[in-house]
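Working notes, structure below.
Only the coordinates and a few stated rules stand behind these numbers; no lab work does. Worth saying up front: this structure is predicted, and the values here are computed from it rather than measured. Methodologically, a virtual Cβ is constructed for each residue, glycine included, from the backbone with ideal geometry; neighbour enumeration extends over all protein chains shown.
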């Protein structure tokens, strides 16, 4: 009796593990990359005392979203977010995100989906990987002063530096028939994520006028 019971438990466990592994394999690749040259900087304001705040209210990011499902599945949704732990079916807790589904991703008919996305994100919602634009301007000021420049000399010029923003992409896949009939949900899909660090140009504006 015990032997039979153990066999049943082992069989159930193997089926569960096989199902989990199968679901995990529904997506072959997920990739989030920068798409093009980001030439417009985020500007930082300054006065005679130093850098005061981020002047730019928003920034346009140039990104490419890519996901590929396995042969029996289709990509049914994507979501990019400016935070860690992005998930299509979960709320964002006040963070910035943008979702793509239905016709945006081929109405459940495509195994491979590649999208160009150029979202405009409020600077207050950007997740900085390391120092913020204001902080990198302050670091540049400190470095210049350490090399012998006066504070007033540094603040009389504009400087170009860079900061790094963080984004994640979550892709969702469903079985081909569920995707085609738009019958997919959190219960019959699987997801996979990719994250990226995005280099953003920063302009540290002058806080003092040059002496003529």
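Cα centroids of the stretch 145-206 and the stretch 74-108: 15 Å apart. Assuming R0 = 35 Å, can you tell me the calculated FRET efficiency for the pair residue 110 and residue 160, based on Cβ-Cβ distance, to the nearest 0.05? The formula returns an efficiency of 0.30 here. Inter-label distance, residue 98 to residue 71: 3.5 nm, where each label sits 7 Å from its Cα along the C-beta direction.
Put in order of Cβ neighbour count within 10 Å, fewest first, the listed residues 61, 89 become 89, 61.
Each residue in 54, 42, 186, 75 was given a count of other beta-carbon atoms within 10 angstrom of its own, and listing them fewest first yields 186, 54, 42, 75. With neighbours defined as other Cβ atoms within 10 Å of a residue's Cβ, the residues 175, 60 order from fewest to most as 60, 175. Which residue, 187, 79, 178, tops the fluctuation ranking in a GNM of the chain built on C-alpha contacts under 10 Å? In this elastic network of the chain, the residue with the biggest mean-square fluctuation among 187, 79, 178 is 187. Please list, by residue number, everything in the stretch 96-137 whose backbone N is under 11 Å from a paramagnetic label point 7 Å out along Cα→Cβ of residue 84. The answer is 129-130, whose backbone nitrogens lie closer than 11 Å to the label point.
Give, as ranges by residue number, the residues of the stretch 46-78 whose backbone N falls under 16 Å from the point 7 Å along Cα→Cβ of residue 25. Only 69-74 pass the distance filter. If you take the beta carbon distance between residue 208 and residue 33 as r and set R0 to 30 Å, what does 1/(1 + (r/R0)^6) give as a FRET efficiency, to the nearest 0.05? That gives a FRET efficiency of 0.15. The helix-based estimate of mean residue ellipticity at 222 nm for the chain, built from -39,500 (n - 2.57) per DSSP H run of four or more residues and divided by its residue count, is -7000 deg cm²/dmol to the nearest 500. Rounded to the nearest 0.05, what FRET efficiency do residue 125 and residue 181 give with R0 = 35 Å and r taken as the Cβ-Cβ distance? Could you check? Rounded to the nearest 0.05, the efficiency is 0.50.
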